[in-house]
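Undergrad: One structure is given below, represented as structure tokens, and several questions about it will come after.
The values are calculated or read from the model by the stated rules, or taken from the named source; none is laboratory data. Note that the structure is predicted; figures quoted are calculated from it, not measured. Cβ placement follows ideal geometry from the backbone for every residue including glycine, while neighbour counts extend to all protein chains displayed.
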Amino acid sequence: MQSRVETLFAPLRERSARAGSLLRESTVGEFRHGAGRHRLTRWTLHGPAGGGAPIRLGLFGAIHGDEPEGAAALRDLLLRLDDDPQLAQGYQLHVYPVCNPSGYEDGTRHSRAGCDLNREFWRDSTQPEVYLLEKELTALGFAGLVALHADDTCDGAYAFVRGATLTEALAKPALSAAAVFVPLAEREVIDGFPAARGLITECYEGVLSNPAAARPVPFEIIFETPQAAEFGRQVAAGVAAVEAILREYRQFLAYGQDL
Ligand SMILES: [Zn+2]
């Protein structure tokens with residue numbers, strides 16, 4: 001039987017084999033949980049050259065294995081960008097649709113080691129997924145990072161914003177773009193954190209993030225869709241949100257705004 005990760009990636013592999021495709025698959029690392037062998041996969045898409053040096057971004061899905069919406073959104077985003085590469089102009093995208101492969105197979109938040117991987121970053125974790133992703137984050141020095149999640153306790157989309165000052169200015173249009181497909185969170189407290197129009201500036205410790213020493217400070221957006229909403233609408237919301245971020249960030253750089 002084909003694994004869920006293989007099923008998810010099948011259209012990407014088919015596409016990347018075609019002439020002219022910009023999609024490339026590579027293995028970040030392999031590891032075991034008990035008898036199960038797992039692989040952390042990176043998909044890259046280098047868009048057409050923009051005005052300046054290529055902008056490297058990291059896009060992450062399914063660090064919680066029971067949130068397949070984000071994985072599907074990144075898969076669909078890659079297919080869409082490969083169809084219309086101008087949307088990725090100026091970017092080098094490094095995309096990790098399934099950051100928790102064993103949890104994704106099992107449909108569980110935690111990895112097969114029983115670990116919430118999204119509380120383990122930059123804490124000397126011994127979890128192989130965290131080790132591999134930390135290595136990527138260190139080596140690639142992303143200008144920005146987006147992590148996609150789905151929340152079964154909230155009835156609307158929202159975002160945690162961290163890092164660079166311009167992060168809020170990127171997250172707002174991302175939420176507006178998502179609002180075409182899913183409701184936005186209007187609560188003033190989400191997940192125990194104060195929220196203003198769907199934006200949260202505090203966060204849990206140990207979430208997937210850039211190294212603390214990264215300079216210039218990268219933007220970091222953790223984008224959450226309401227898991228009670230229809231699957232396809234959450235996927236479309238995730239695609240629209242990331243596309244909006246690509247568009248807005250390119251504009252900021254083009255105008256040289258020093259935010
Ligand atoms: Zn999550």
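Undergrad: Taking segment 109-159 only, how many residues are charged (D, E, K, R), in a loop (DSSP other than H, G, I, E, B) and either touching a Phe, Trp or Tyr at 6+ places or on another chain (Cβ under 8 Å) or within 13 Å of the ligand (Cβ to nearest atom) (or both)?
TA: We begin by selecting, within segment 109-159, every residue charged (D, E, K, R); these are 109, 112, 116, 119-120, 123-124, 129, 134-136, 151-152, 155.
Within this subset, residues satisfying the condition of being in a loop (DSSP other than H, G, I, E, B) are 109, 112, 116, 120, 123-124, 152, 155.
Subset that is either touching a Phe, Trp or Tyr at 6+ places or on another chain (Cβ under 8 Å) or within 13 Å of the ligand (Cβ to nearest atom) (or both): 109, 116, 152.
Looking only at that region, the number is 3.
Undergrad: Report whether or not GLY163 is within 21 Å of ARG123 (Cα to Cα), touching a residue at least 12 places away in the same chain (Cβ under 8 Å) and within 16 Å of the ligand (Cβ to nearest atom).
TA: Details: within 21 Å of ARG123 (Cα to Cα): yes; touching a residue at least 12 places away in the same chain (Cβ under 8 Å): yes; within 16 Å of the ligand (Cβ to nearest atom): no.
No: the conditions fail for GLY163.
Undergrad: Now for a separate question. So ASP191 fits all but one of (1) at pLDDT 90 or above; (2) surrounded by 13 or more Cβ atoms within 10 Å (Cβ to Cβ); what number is the exception?
TA: The single condition ASP191 does not satisfy is (1).
Undergrad: Looking at (1) away from the ligand (no atom under 16 Å from the Cβ); (2) more than 17 Å from the chain's Cα centre (by Cα); (3) outside any helix (DSSP H, G or I); (4) not small (Gly, Ala, Ser), which one does LEU93 not meet, given that it meets all the others?
TA: Condition (2) is where LEU93 drops out.
Undergrad: Among what's in segment 228-252 and is under 16 Å from the mean Cα position of the chain (by Cα) and either closer than 15 Å to ASP155 by Cα or free of Cβ contacts under 8 Å to residues at least 40 places away in the same chain (or both), pick the residue that is surrounded by the fewest Cβ atoms within 10 Å (Cβ to Cβ).
TA: The extreme case among them is GLN234.
Undergrad: Kindly establish whether ARG56 is closer than 29 Å to ARG250 by Cβ and of a type in the set (Lys, Arg). Outline the logic, then answer.
TA: Values: closer than 29 Å to ARG250 by Cβ: yes; of a type in the set (Lys, Arg): yes.
In short, yes.
Undergrad: If you don't mind, another one. Going by what's in this entry, would GLY47 be described as over 25 Å from THR138 (Cα atoms), of a type in the set (Gly, Ala, Ser) and away from the ligand (no atom under 16 Å from the Cβ)?
TA: Numbers: over 25 Å from THR138 (Cα atoms): no; of a type in the set (Gly, Ala, Ser): yes; away from the ligand (no atom under 16 Å from the Cβ): yes.
In short, no.
Undergrad: Specify which of the listed residues (LEU166, LEU148) is of a type in the set (A, V, I, L, M, F, W, C), crowded, with 17+ Cβ neighbours inside 10 Å and either within 23 Å of ASP82 (Cβ to Cβ) or at pLDDT below 90 (or both). Walk me through it before giving the result.
TA: Numbers: LEU166 fails: either within 23 Å of ASP82 (Cβ to Cβ) or at pLDDT below 90 (or both).
After ruling out the rest, the residue left standing is LEU148.
Undergrad: If you scan segment 218-238, which residues turn out to be polar (S, T, N, Q) and under 15 Å from ALA177 (Cα atoms)? Please lay out each step first, then the result.
TA: If we filter segment 218-238 for residues that are polar (S, T, N, Q), which is where we start, we get 225, 227, 234.
Result: THR225, GLN234.
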